[in-house]
Amino acid sequence: MRSHSVAHRFKTASDFLYLCGVHVSEACLLIAGSKSYFLSDSIEATALWEDVNILMDDDRLKLAGMELRPFYQLKEIISDHMKEFDRVAFPIGSNEALDRLVLEQVSFTNRSRRRFTSTPLALCDSRMLIGQLRHVKEADEICLMKEAAQRTSRVYRKLFQECLEGRQERDVADFLESEFMKAGMSWTAYETIVGSGDRATTLHARATSRVLRSGEAVLIDAAGEWQGYCADITRVIPVDAVFGKMHRQVYDIVLNAQEQTINAVRPGITLRYLHEMSQELLLEGLSRYRIGGDIKELMPHGTSHWIGMDVHDPSAYVDEAGRPLQLQEGMSFTIEPGLYFREKTSAYYGIGVRIEDDVVVTGEGCEVLSSAPKQLEEIESLRSQLNKNLDRH
Ligand code: GLY
Ligand code: MN
Ligand code: MN
């Protein structure tokens with residue numbers, strides 16, 4: 001619940017959506033070998049108050065081949081099937097009632113199994129198994145991810161042509177969120193981040209009523225969700241037509257590191273390799289401009305995370321032996337190096353730059369799914385067109 005009697009906006013659990021394709025709250029999918037059951041209390045109901053728990057006709061088509069059962073049969077179905085299997089997977093710890101129900105059945109089954117076999121049922125977390133399935137994206141998933149990234153990129157392009165001076169961070173967030181909705185997206189992929197002035201050095205700054213001033217830049221990390229798939233894009237925009245001299249230097253360093261890291265993506269390498277490469281490139285850039293500082297403080301986050309139905313997709317980062325996972329064609333992740341000057345004694349204090357795009361690994365390299373403007377010349381040209389237009393009015 002968000003408040004006493006009002007719930008958060010409903011978002012279907014991604015693993016459930018991945019396997020069923022339907023948005024229905026309070027339902028459960030049970031897979032036992034080749035049989036699948038979809039359990040929900042409202043399979044025969046019509047909506048009086050809310051319809052997020054009701055199966056629509058389209059949903060029923062998607063669930064063809066599954067048995068639709070009322071929720072109260074869950075225990076019975078679990079207990080009927082458990083003895084046929086050696087392994088049970090469920091999202092352990094995500095729902096106390098489910099934990100109790102499954103563990104009760106597991107211990108009951110184990111007691112009777114002991115008479116026939118010495119091996120108890122193995123328990124594992126379904127999120128790990130489904131995380132493996134979700135890791136390599138299929139062609140139709142890549143299309144949806146690209147659509148999320150492209151629609152989000154077009155909204156960024158619009159924002160770049162907006163007058164920002166005198167507007168609040170909240171206005172920027174409102175603009176983006178309303179444009180995401182106008183672009184047909186269901187909602188934001190995560191809380192919109194808008195950090196102006198020295199707030200750009202807070203990695204996930206919430207949009208506040210702070211007013212954007214001439215001479216500043218604003219860091220924006222925002223994206224929409226398209227048919228269950230997320231984008232994740234960060235850009236830094238000058239409030240004026242051009243960046244200030246020091247902002248421009250930092251932007252140049254980060255953009256160069258980001259572009260070269262993107263160019264290095266190929267199957268067989270690891271995200272750790274890309275992170276180390278990004279850090280090296282940032283260090284090189286800093287020394288090129290003779291800017292001092294500790295890289296771990298200037299860039300206190302990773303360069304990449306998996307992305308898909310969740311903005312931080314829950315697939316594993318290491319293999320079973322604990323080694324960083326090698327990239328395979330179809331894996332998708334972000335590339336988001338940044339530099340944040342939080343040390344008050346630095347001449348660059350208050351500057352925060354992160355540039356973030358979403359990529360998917362291809363046979364030889366990667367495809368960049370997002371295309372919001374990021375070249376200095378293009379950003380400044382979009383910003384200066386705006387200023388000319390304003391002059392004319
Ligand atoms: N938008 C959150 C992140 O970049 O991880
Ligand atoms: Mn990200
Ligand atoms: Mn982001």
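Cross-link partners of residue 374 among lysines, defined as those whose alpha carbon lies under 25 angstrom from its own and excluding same-chain residues fewer than eight positions apart: 146, 158, 182, 245, 296, 388. Full extension of the chain segment joining residue 36 with residue 170 gains 43.7 nm, where the gain is 0.36 nm per residue of separation less the Cα-Cα distance.
Determine, from the Cβ-Cβ distance of residue 375 and residue 264 and an R0 of 22 Å, the FRET efficiency 1/(1 + (r/R0)^6), rounded to the nearest 0.05.
Values: r = 19 Å, r/R0 = 0.88.
It comes to 0.70.
Take each of the peptides 168-176, 142-150, 339-347, average the number of other beta-carbon atoms within 10 Å over its residues, and list them starting from the highest.
Working: 168-176: 19.2, 142-150: 21.4, 339-347: 15.2.
Order by mean packing, descending: 142-150, 168-176, 339-347.
Using just the helices of the chain, give the 222 nm mean residue ellipticity in deg cm²/dmol: DSSP H runs with n ≥ 4 each add -39,500 (n - 2.57), and the total is spread over all residues, rounded to 500.
On the way: 11 runs with 145 residues, N = 393.
Result for the chain: -11500 deg cm²/dmol, rounded to the nearest 500.
In terms of packing, defined here as the mean over residues of other Cβ atoms within 10 angstrom, the peptides 193-202, 82-91, 246-255, 220-229 line up highest first as 220-229, 193-202, 246-255, 82-91. Between amide H atoms placed 1.01 Å from N, distances below 5 Å from residue 217 occur with 197, 239, all of them 5 or more places distant or on a separate chain. Amide H contacts of residue 224 (H built 1.01 Å from N, in plane; Pro and chain starts excluded): 152, 189, 231 sit under 5 Å, all sequence-distant by 5 or more or on other chains.
The antiparallel fraction among DSSP beta bridges confined to the chain stands at about 85%.
Straight Cα distances below 12 angstrom link residue 11 to the aspartates and glutamates 26, 225, 310, with same-chain residues fewer than 8 positions distant left out. Could you let me know the centre-to-centre spacing of region 15-57 and region 136-173, using Cα atoms, in angstrom? Taking the Cα centre of region 136-173 as reference, the centre of region 15-57 is 31 Å away. Per-residue Karplus couplings for region 327-344, computed as 6.51 cos²θ - 1.76 cosθ + 1.60 with θ equal to phi - 60°, are listed in order as 5, 10, 3, x, 7, 10, 7, 9, 10, 9, x, x, 9, 10, 9, 9, 7, 4 Hz, Gly and Pro entered as x. Phi angles across region 216-229 convert, under the Karplus curve 6.51 cos²θ - 1.76 cosθ + 1.60 with θ = phi - 60°, into 3J(HN,Hα) values of 9, 10, 10, 9, 10, 10, 8, 6, x, 10, 10, 6, x, 10 Hz, Gly and Pro given as x.
Relative contact order for the chain: what is it in percent, counting Cα pairs under 8 Å that are at least 6 residues apart?
On the way: 704 pairs, mean separation 60.4, N = 393.
It rounds to 15 percent for the chain.
Overall size of region 251-393 from C-alpha positions, given as principal axis extents largest first: 60, 38, 25 Å.
Averaging the sequence gap over all C-alpha pairs within less than 8 Å and six or more residues apart, then dividing by the number of residues, gives region 40-91 a relative contact order of 39 percent.
Given the chain, report the % of alpha carbon pairs whose separation exceeds 28 Å. Don't jump to the answer; show the numbers that get you there.
Numbers: 42519 of 77028 pairs.
It works out to 55 percent of all Cα pairs.
Any read-out appearing in this document is the output of simple, stated calculations on the displayed coordinates, not a laboratory observation. As the structure is a prediction and not an experimental result, all values here were calculated from the model. Don't worry about glycine lacking a Cβ; one is built from the backbone with ideal geometry, like all the others, and counts go over all protein chains shown.
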